[in-house]
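The values are calculated or read from the model by the stated rules, or taken from the named source; none is laboratory data. None of the values given here were measured: they were computed from a predicted structure. All Cβ positions, even for glycine, are placed from backbone atoms using ideal geometry, and neighbour counts span all protein chains on display.
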Amino acid sequence: MNQEKIKQIFDETAYIRTGGSSEELRCAQYLQAQCAQLGLETKLESFAVPMSEMKTASLVVDGEEIPCKGYFCAGSSVVEAPFYYLPNTDDWSMAQCKGKIVMIDGYLGYWKYQDLLKNGAVGFITYDGNANYVDENIDQRELRSYVHQGHKIPGVNINAKAAIRLVENGAQQAKIVLDQNEYEGESHNVVLDLPGESSDTIVFTAHYDSTPLSQGAYDNMSGSIGLLAAAEYFSAHPHRASLRFVWCGSEERGLLGSKAYVAAHEAELDPIVLNINLDMIGCIMGYFHSCSTAEEKLVHYIEYFASEYGFGMQAVQGVYSSDSTPFADKGIPAVSFAREAPSNTATIHNSYDTAKVMSPRQMMADMNFIIAFADRMANAAKCPVERKMPDNMKEELDYYLMRKRKTAK
Ligand SMILES: [Zn+2]
């Protein structure tokens with residue numbers, strides 16, 4: 001791997017590739033071809049994902065058509081009801097949702113959706129983008145199965161500028177129409193094995209899918225290139241541990257690829273001693289960090305290692321919102337590496353995530369550090385990380401995976 005090759009891969013993957021789409025499969029096959037060029041044979045593992053073909057999606061407020069995108073997998077229905085903007089989540093505010101089409105700030109996660117249902121909302125509006133940007137883009141959202149749990153109400157996503165106008169104009173009455181064909185589709189993980197002397201296995205992961213508006217250079221072709229670089233390195237260098245590389249599909253749709261991987265390989269998880277996950281590296285601006293869902297000793301080891309190596313970074317213990325989490329939830333110590341850009345220099349999940357925010361030079365530096373760390377782990381006489389999830393991380397996983405709620409609201 002070198003800077004020229006990095007530029008070339010960013011160029012050749014500068015397209016949107018959402019989970020389950022034909023473009024995602026095209027990218028999976030591209031990664032397979034990249035491995036084949038290195039003489040490495042990969043497997044494609046498919047898994048089922050919910051898909052939708054939207055026929056009609058409209059939002060009319062007080063007689064005016066508001067540009068919107070209907071939520072995939074939120075059913076097909078027509079609702080007309082009073083409009084209600086819900087910026088607070090106190091009991092009084094929530095009680096006002098009854099019989100209304102409710103507009104919320106931010107993402108519609110599991111708890112927020114359950115609160116809307118409990119309080120009798122009949123439809124929902126979310127908004128994204130940034131009121132200070134020139135574009136009027138609207139992201140394509142979906143009502144995830146673990147959010148609706150079988151209870152669907154219709155919803156649309158609109159641009160932040162339109163949301164502001166609705167509130168400013170004192171919107172009264174809203175109507176949502178959704179008509180869509182929901183079906184089961186396929187997404188794919190790309191799997192590469194580099195057997196070592198030992199059956200102890202280190203699994204490397206990085207997702208290669210993108211969100212609907214994004215070319216996903218930073219999030220996460222960068223990490224996918226990192227995995228290619230690691231595979232190239234270890235194919236030419238000895239490693240005691242067996243290594244498996246998994247380029248995950250459908251991460252952006254709720255870690256679906258890594259969840260499918262640990263489910264399909266449940267019987268083979270025992271020998272996995274560590275998961276190393278790459279999600280967003282090599283941007284021009286920003287700080288580097290590791291997030292270990294593992295015993296705290298690993299955090300300190302990484303700090304010492306970085307200092308010894310000569311690499312600026314911060315190491316923390318925590319749950320990272322990426323493909324490392326399904327592994328950690330199976331009790332496998334997991335560490336994610338990322339370079340996080342200040343949001344006014346590079347953003348993700350929108351049309352601004354392109355190769356323009358990436359630095360091939362920084363990519364090389366980040367990848368070399370990650371590979372050096374991985375080399376220590378892959379050649380350790382015994383992987384030093386305890387194969388046990390500490391209680392504080394188990395609790396964080398319960399919160400992240402919505403088995404427990406962090407606050408009353
Ligand atoms: Zn990502």
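Some observations on this one:
- Checked against (1) of a type in the set (A, V, I, L, M, F, W, C); (2) away from the ligand (no atom under 16 Å from the Cβ); (3) surrounded by 18 or more Cβ atoms within 10 Å (Cβ to Cβ), Ala236 meets all criteria but (3).
- So Ala14, is it more than 19 Å from the chain's Cα centre (by Cα) and closer than 22 Å to Leu228 by Cα: no
- Candidate set: the stretch 319-335, residues that are hydrophobic (A, V, I, L, M, F, W, C) and not in a strand (DSSP E or B); chosen: the one farthest from the ligand (Cβ to nearest atom): Ile332
- Qualifying residue in the stretch 81-91 (condition: closer than 18 Å to His151 by Cα, modelled with pLDDT of 95 or more and in contact with a Gly (Cβ under 9 Å, 6 or more places away or on another chain)): no
- Any hit, the stretch 271-292, residues being in contact (Cβ under 8 Å) with a residue 24 or more places away in the chain and of a type in the set (D, E, K, R): yes
- Those residues of the stretch 167-218 which are more than 26 Å from Ile125 (Cα to Cα), within 16 Å of the ligand (Cβ to nearest atom) and small (Gly, Ala, Ser), in sequence order: Ser187, Ala206, Ala217
- Test: Asp353 is of a type in the set (Asp, Glu), touching a helix residue (DSSP H, G or I) at 6+ places or on another chain (Cβ under 8 Å) and within 17 Å of Asn392 (Cα to Cα): no
- The condition (being within 16 Å of the ligand (Cβ to nearest atom) and over 12 Å from Ile371 (Cα atoms)) is satisfied by just one residue among Ser222, Ser242: Ser222.
- For the stretch 295-313, the tally of residues that are in contact (Cβ under 8 Å) with a residue 12 or more places away in the chain and part of a helix (DSSP H, G or I) stands at 11.
- Checking Gly170 against (1) touching a residue at least 24 places away in the same chain (Cβ under 8 Å); (2) exposed (fewer than 14 other Cβ atoms within 10 Å of the Cβ); (3) closer than 30 Å to Asn130 by Cα, the condition it does not meet: (1)
- Which listed residue is crowded, with 22+ Cβ neighbours inside 10 Å and in a strand (DSSP E or B), from Ser224, Ser214, Ser292: Ser292
- Conditions (1) touching a Pro at 6+ places or on another chain (Cβ under 8 Å); (2) of a type outside the set (Gly, Ala, Ser); (3) in a strand (DSSP E or B); number of the one not met by Val316: (1)
- Of residues in the stretch 245-261 being more than 12 Å from the ligand (Cβ to nearest atom), buried (at least 24 other Cβ atoms within 10 Å of the Cβ) and of a type in the set (A, V, I, L, M, F, W, C), the one farthest from Val191 (Cα to Cα): Leu256
- The stretch 254-289: number of residues that are in a loop (DSSP other than H, G, I, E, B) and closer than 26 Å to Gln314 by Cβ: 8
Let's see how each residue does on (1) more than 20 Å from Gln3 (Cα to Cα); (2) under 21 Å from the mean Cα position of the chain (by Cα):
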site: Arg339; (1), (2): no, yes
site: Tyr352; (1), (2): yes, yes
site: Met363; (1), (2): no, yes
site: Ala374; (1), (2): yes, no
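- Filter result for Arg17 (surrounded by fewer than 19 Cβ atoms within 10 Å (Cβ to Cβ), out of contact with any strand residue (DSSP E or B) (no Cβ under 7 Å at 6 or more places or on another chain), within 30 Å of Tyr233 (Cα to Cα) and modelled with pLDDT of 95 or more): no
- Selection count, the stretch 233-263, where residues are more than 22 Å from Ser21 (Cα to Cα) and not hydrophobic (A, V, I, L, M, F, W, C): 8
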